[in-house]
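The values are calculated or read from the model by the stated rules, or taken from the named source; none is laboratory data. Everything quoted here is computed from the prediction, not taken from an experiment. Virtual Cβ from ideal backbone geometry, glycine too; neighbours counted across all protein chains shown. With ligands, DNA and RNA removed, areas are computed over all heavy atoms of the protein, side chains included. Shrake-Rupley method; radii C 1.70, N 1.55, O 1.52, S 1.80 Å.
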Amino acid sequence: MKYHERTIFNGKPGHDTPKRSRISNSPLVNRVMAGNGDIQWCFSQVKGTLDDDVTEADIISCVEFNHDGELLATGDKGGRVVIFQRDPISKTVLPRRGEYNVYSTFQSHEPEFDYLKSLEIEEKINKIRWLKRRNPAHFLLSTNDKTIKLWKVSERDKKVEGYNTRSDTGSLIDPANVSSLRVPIIKPMELMVEASPRRIFANAHTYHINSISVNSDQETYLSADDLRINLWHLEITDQSFNIVDIKPTNMEELTEVITAAEFHPVECNLFVYSSSKGTIRLCDMRAAALCDRHAKLFEEPEDPTNRSFFSEIISSISDVKLSNNGRYMISRDYLSVKVWDLHMETKPIETYPVHEYLRAKQCSLYENDCIFDKFECCWNGNDTAVMTGSYNNFFRIFDRTTKRDVTLEASRDIAKPKTILKPRKVCSQGKRKKDEISVDCLDFNKKILHTAWHPTENIIAVAATNNLFLFQDKF
């Protein structure tokens, strides 16, 4: 990702700001997070080159805000992690602006080769998860298909000069040649942001890692692949505990795979994982060391009228996210987003169709492999709205309070400061209105798979191929 080539509202990176609590009582935050039915979203920034020629390595593969929204991390197919920092000036001006500048860029993973299995291991970053901040440094986990790394991102704005046994160039001085002792002094220097790998967690997954999730105790985390979920301690790299194993004795009997997994945001003993069969299982680690027996199973009975050859494919859950308060969770299948109450397993309490107009196009979507695309979903900061992506660079926002929804587009055409996003509508049949787009004109190569919502403000990050779009609400 070449983020220096196109940035609107670019400013100088600032220093860290004091940490804020997740739920604020300020009138501004309450107003911002009140609901999204009447929000007018406007363009803030776009990161990355806007050229038509896109290299595979520059395609964004994950997006994640940290816990206070000061930092925003993206990973790409080239194994790079780019961290953006909130522009301090954009927070103090009125109205507040959601602007971010490049803070740090580093190569997280390199391509590898498994000689035992004769397989190439891609460097693509599958997931990034931030740890809660405990000191001036920031910590995040990043993973490709096989290896998870814990990174420390820290600032240095001071340097030490006047060593006795080292010259200014760094070369060592023979102590015998030191005639007098000096007291080293600390001098200010230009701000430097360093990213260093603190832990490498490897050789624990036979299959490709699809999820990582940090526990609320901030000491352990889980990693999930197609058939197993492992529990790690952040300080121990050579040992993990297998807590879920759905691999059958005979692989010919395999009927489902794990698609996503996440820890509960409050209860450190609970986690959920979804499957390709459209089910979500909630497990309690207090019950047994191996959580093969779930505590709850969330599944919606299939509607017989919609049964087709593609039913099993489109019912596969591509993402699951627990709400910030821990009471609800959302799941994303191919055609919809569902909101579940953890106290009710029988059916979702809310179902939002994302692109129902594609139900009639399943045959062509199967032929071009789009039906296997894995869309992610996310909550806003106070669990009143849900966001997920679609095709043609469209993304959808559903307001749970007003039951309104909107389709917006991450387009180069609106890449001008403060441009208000116009709601988009898709015409599936009949005569097309002036402001509508025909379902046959949708570009299925342009897809929004990864989105993120600021934890306390209406600022959203949307990954569109190699570009990162930032939008905010217009006051």
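List of remarks:
- Flag if residue 152 is in contact with a strand residue (DSSP E or B) (Cβ under 9 Å, 6 or more places away or on another chain) and farther than 30 Å from residue 317 by Cβ: yes
- Residues in region 286-325 that are open to solvent by less than 50 Å² (accessible area, probe 1.4 Å), over 29 Å from residue 448 (Cβ atoms) and of a type in the set (A, V, I, L, M): 288 alone.
- The residues in region 296-332 that are within 22 Å of residue 383 (Cβ to Cβ) and not hydroxyl-bearing (Ser, Thr, Tyr) can be counted, and the count is 15.
- For region 44-67, the criterion of being open to solvent by less than 10 Å² (accessible area, probe 1.4 Å), at pLDDT 95 or above and hydroxyl-bearing (Ser, Thr, Tyr) is satisfied by at least one residue.
- One residue alone among 149, 124, 132 is in a strand (DSSP E or B), within 30 Å of residue 209 (Cα to Cα), within 17 Å of the chain's Cα centre (by Cα) and of a type in the set (Lys, Arg), and that residue is 149.
- Index of the failed condition, residue 347 passing every other in (1) in a helix (DSSP H, G or I); (2) open to solvent by 20 Å² or more (accessible area, probe 1.4 Å); (3) not β-branched (Val, Ile, Thr): (1)
- Residue within region 396-409 that is open to solvent by less than 70 Å² (accessible area, probe 1.4 Å), in contact with a Phe, Trp or Tyr (Cβ under 8 Å, 6 or more places away or on another chain), farther than 27 Å from residue 470 by Cα and not in a loop (DSSP other than H, G, I, E, B) present: no
- So residue 160, is it assigned to a strand (DSSP E or B), among the aliphatic types (A, V, I, L, M) and either at positive phi or open to solvent by 20 Å² or more (accessible area, probe 1.4 Å) (or both): yes
- Hits in region 139-155 (condition: within 9 Å of residue 109 (Cβ to Cβ) and free of Cβ contacts under 8 Å to residues at least 60 places away in the same chain): 147, 149
- Residues that are of a type outside the set (S, T, N, Q) and buried (at least 17 other Cβ atoms within 10 Å of the Cβ), drawn from region 269-285: 270, 271, 272, 273, 278, 280, 281, 282, 283, 285
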